[in-house]
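S.K.: Following this message is one structure expressed as structure tokens.
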Amino acid sequence: MAHIQRRQEILDLLKIKKQLSPKTLCERLHVSTATLRRDLVLLEQEGLIKRFHGVVSIIGVSNVEPSYQQRALEQRLEKNHICDIAADFIADGQSLFLDSSTTVNQICPYLSQKNNLVVITNGLQTALTLNQMENITVFLVGGEMKAHSASTVGALATDFVLPFRIDLALFSCRGLDEGGIYEASHHQAHFKKHMITLAKQNILLCDDSKFKQPHFYKLAQYEDFKAIITNKEPDEQYKQLLKNAGGELLW
């Protein structure tokens, strides 16, 4: 886990300074040149940074979905706060869809307090966590597993979910702006769009770091969600967007 936390620290430093030399990163992280090089190679392979002429810089918007382990380290306290609010929307006896995001995964402990739930999910970690709870019937969506995503997507996944009645679906995203809600991966965007159309009600769980962060693949419009839950009060423009769309904005 230490190497995952260290890579997140590298990204956090680059978000502030935009670009740094490897020497500076070694000094800030108290690691050897060889250790840093291994971290930078992996981050570059994930499309999160680039190295050029002795400088390391962050890539602001990427169509590469970060690994599950990387995403799990981001905004953990904020995700817990969001899920604490989201739990109030879930009632006994409901059929739920939970996407594969690390944000939605944080709802799992709250579900242990509910009765007779059916949960459909394309998230491997979410399915494994819920499998320990006797009050929940879990269906893991079959489909193609994308590398490092801990999720299933693709045509088989969209076919798998067709027979289910879904009362409530919980989603997260990679970013949003005044134009809508976005994903980093077109595979995830396509599958989530399909699930949005199947569910009776949809809720978006989105921490404050994702506001004003457009990505390449449009996932949805604000009208698609009954509520958007975040961890702090957003700018006035987002309040107005949700009001115009007929949804709630909670924090």
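Just so it is clear, none of the values below were taken in a lab; they were calculated from the coordinates. As the structure is a prediction and not an experimental result, all values here were calculated from the model. As a convention, Cβ positions derive from the backbone with ideal geometry for all residues, glycine included, and neighbour counts pool all protein chains shown.
S.K.: Nearest-5 percent of antiparallel DSSP beta bridges in the chain?
M.R.: Beta bridges within the chain, antiparallel portion: roughly 40 percent.
S.K.: Run the dipole for the stretch 2-60 about the Cα centre, Lys and Arg Cβ at +1, Asp and Glu Cβ at -1, nothing else charged, and hand back the magnitude in debye, nearest 20.
M.R.: 140 debye
S.K.: What residue among Val138, Gln113, Leu124 has its Cα farthest toward the positive end of the dipole of the stretch 110-241, where the charges are +1 on Lys, Arg and -1 on Asp, Glu, each on the Cβ?
M.R.: It is Val138, whose Cα lies furthest towards the positive end.
S.K.: May I ask for the angle, rounded to the nearest 10°, between helix 236-245 and the longest principal axis of the chain, with both axes built from Cα atoms and the value confined to 0 to 90°?
M.R.: Computed tilt is about 30 degrees.
S.K.: Could you check how many percent of all C-alpha pairs in the chain are farther apart than 27 Å?
M.R.: 38 percent
S.K.: Just want to confirm a number: the relative contact order over the stretch 2-60, from Cα pairs under 8 angstrom separated by 6+ residues, in percent.
M.R.: 37 percent
S.K.: Hey, what did the chain get for relative contact order, percent, Cα under 8 Å, at least 6 apart?
M.R.: 15 percent
S.K.: Over the stretch 180-240, what is the mean sequence separation of C-alpha contacts under 8 Å (at least six apart), divided by residue count, expressed as relative contact order in percent?
M.R.: After rounding, I find 46 percent.
S.K.: For helix 2-17, what angle does its Cα long axis make with the longest principal axis of the chain, in degrees from 0 to 90 and rounded to 10?
M.R.: 80 degrees
S.K.: Okay, moving on. Please sort by residue number the trypsin sites (Lys or Arg not before Pro) in the stretch 162-251 whose DSSP state is loop and whose Cβ has at most 13 other Cβ atoms within 10 Å.
M.R.: Within the stretch 162-251, the qualifying trypsin sites (Lys or Arg not before Pro) (loop, at most 13 other Cβ atoms within 10 Å) are Arg165, Lys232.
S.K.: Here is a further query. Cα gyration tensor of the stretch 181-230, axes a ≥ b ≥ c as square roots of the eigenvalues: rounded (a/c below 1.5), prolate (a/b > b/c) or oblate?
M.R.: Oblate, since a/c reaches 1.5 and b/c is not below a/b.
S.K.: What does the charge dipole of the stretch 70-250 about its Cα centre add up to, to the nearest 20 debye, if the Cβ of each Lys and Arg holds +1 and the Cβ of each Asp and Glu holds -1?
M.R.: 280 debye
S.K.: Sticking with this structure for a sec: Compute the separation of the alpha-carbon centres of the stretch 1-41 and the stretch 78-120 and state it in Å as a whole number.
M.R.: Answer, in whole Å: 34.
S.K.: Continuing with this model, one more query. If you line up the long axis of helix 33-45 against the longest principal axis of the chain, both from Cα atoms, how many degrees apart are they, to the nearest 10?
M.R.: It works out to around 40 degrees.
S.K.: Right, something else. Taking H as built 1.01 Å from N, whose amide H comes closer than 5 Å to the amide H of Ala169, not counting residues under 5 places away?
M.R.: Those lying under 5 Å, H to H, from Ala169 are Phe97, Gln201, Asn202, Ile203.
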